[in-house]
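Note sheet for the following structure.
The values are calculated or read from the model by the stated rules, or taken from the named source; none is laboratory data. Model, not experiment: these values are computed from the prediction. Backbone-built Cβ (ideal geometry, glycine too); neighbour counts: all protein chains shown. SASA here: full protein model, heavy atoms, side chains in, ligands and nucleic acids out. Shrake-Rupley method; radii C 1.70, N 1.55, O 1.52, S 1.80 Å.
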Amino acid sequence: MKESPDTLCIDIGGTGVKLIVVDSKGSQLCDRQRRETPHPGTPEAIIEVIEGLTTQVPGFDRIAVGFPGVVRNGIIETAANLDINWPGTNLATLLQERLNKPTRVANDADVQGYGCVSGEGVEMVLTLGTGMGSALFVDGGLVPNLELAHHLFKKSKTYEDYVGRAALEAIGKDKWIKRVERVISTTKHIWNWDLLHLGGGNSKLLKGFEFSNEVILHSNKAGVLGGYFLWESH
């Protein structure tokens, strides 16, 4: 690998697969590329989408992937919003063999967090998309695979049931934003975070909404760009 490697950053979601190439300082070298997530979203189908998208971006030296589920050592353990064949898949190895570049894979909210946390105090990351991603950092150190989304939040509803895309489509933007407020309040009381970072595809609906200074809204692009830090922070 060259001394100043360029990184292919991939964000796999339940709705879209996005990627971008950044230079050795984390600056983007091209526009973000996106395609709809195939259905069924099998490992092979998604890898084929990634391969297709790489033909539209500059060359790269290494790969970083954010995946919507629990990931250990590049191996997928859960994938609630994708195909049932994902658990047990070594995505890092598959992509490394297919694209012939060293590859690292981590939970998507963990990856986004690397790109947006300040590194001081307790910081939580929530990504609002097809489901809900979550990550927790203490003084910049990651507590991996938090997977808060599948914990019960209210009555029989999980956090993901409460503020995922299906809920947004069922109840509309205004009621959904009130639900997001309740999630923010609840996580504050449980984790006593110093900063909360909000991202994901549906976070754009929160633009213009006034949060406290402890809540920071990030663009959806942050989920892709965070892949750079998956290499630089290890």
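Condition check for residue 50 on (1) in a loop (DSSP other than H, G, I, E, B); (2) surrounded by 17 or more Cβ atoms within 10 Å (Cβ to Cβ): one failure, at (1). For the structure I just gave you, tell me whether residue 13 is of a type outside the set (A, V, I, L, M, F, W, C), open to solvent by less than 20 Å² (accessible area, probe 1.4 Å) and out of contact with any Ser or Thr (no Cβ under 7 Å at 6 or more places or on another chain). Criteria not met by residue 13.
Of the residues making up the stretch 145-170, those that are surrounded by 14 or more Cβ atoms within 10 Å (Cβ to Cβ) and either in contact with a Leu (Cβ under 9 Å, 6 or more places away or on another chain) or in a helix (DSSP H, G or I) (or both) number 14.
Open to solvent by less than 70 Å² (accessible area, probe 1.4 Å) and touching a helix residue (DSSP H, G or I) at 6+ places or on another chain (Cβ under 7 Å): is that true of residue 142 in this structure? Before the answer, list the steps.
Details: open to solvent by less than 70 Å² (accessible area, probe 1.4 Å): yes; touching a helix residue (DSSP H, G or I) at 6+ places or on another chain (Cβ under 7 Å): yes.
Yes.
Counting only strands (runs of 3 or more DSSP E) wholly contained in the stretch 72-138, the ones carrying 2 or more residues that are within 12 Å of residue 149 (Cβ to Cβ) occupy 122-128, 132-138. Being of a type in the set (Ser, Thr, Tyr), in contact with a strand residue (DSSP E or B) (Cβ under 6 Å, 6 or more places away or on another chain) and under 15 Å from residue 230 (Cα atoms) is a property that residue 89 lacks.
Only a single criterion out of (1) part of a helix (DSSP H, G or I); (2) over 30 Å from residue 151 (Cβ atoms); (3) of a type outside the set (Lys, Arg) is not satisfied by residue 21, namely (1).
Are any of the residues in the stretch 105-113 out of contact with any Gly (no Cβ under 7 Å at 6 or more places or on another chain), closer than 25 Å to residue 86 by Cβ and among the acidic types (Asp, Glu)? The answer is yes; a qualifying residue exists.
Of all the numbered requirements in (1) in contact with a helix residue (DSSP H, G or I) (Cβ under 8 Å, 6 or more places away or on another chain); (2) among the hydrophobic types (A, V, I, L, M, F, W, C); (3) open to solvent by 20 Å² or more (accessible area, probe 1.4 Å), residue 64 misses one, and that requirement is (3). Residues in the stretch 27-44 that are assigned to a loop (DSSP other than H, G, I, E, B), in contact (Cβ under 8 Å) with a residue 24 or more places away in the chain and out of contact with any strand residue (DSSP E or B) (no Cβ under 7 Å at 6 or more places or on another chain) were compared, and the one that is surrounded by the fewest Cβ atoms within 10 Å (Cβ to Cβ) is 40.
Is it true that residue 176 is over 20 Å from residue 66 (Cα atoms) and in contact with a strand residue (DSSP E or B) (Cβ under 7 Å, 6 or more places away or on another chain)? Steps first, answer last, please.
Numbers: over 20 Å from residue 66 (Cα atoms): yes; in contact with a strand residue (DSSP E or B) (Cβ under 7 Å, 6 or more places away or on another chain): no.
Criteria not met by residue 176.
Residues that are outside any loop (DSSP other than H, G, I, E, B) and at pLDDT 90 or above were ranked within the stretch 201-224; the one that is most open to solvent (accessible area, probe 1.4 Å) is 204. In the stretch 107-127, which residue that is modelled with pLDDT of 95 or more and among the aliphatic types (A, V, I, L, M) is surrounded by the fewest Cβ atoms within 10 Å (Cβ to Cβ)? So the residue we want is 122. Restricted to the stretch 185-214, and to residues that are without any contact (Cβ under 8 Å) to a residue 40 or more places away in the chain and β-branched (Val, Ile, Thr), which residue is nearest to residue 35 (Cα to Cα)? Checking each candidate, the answer is 186.
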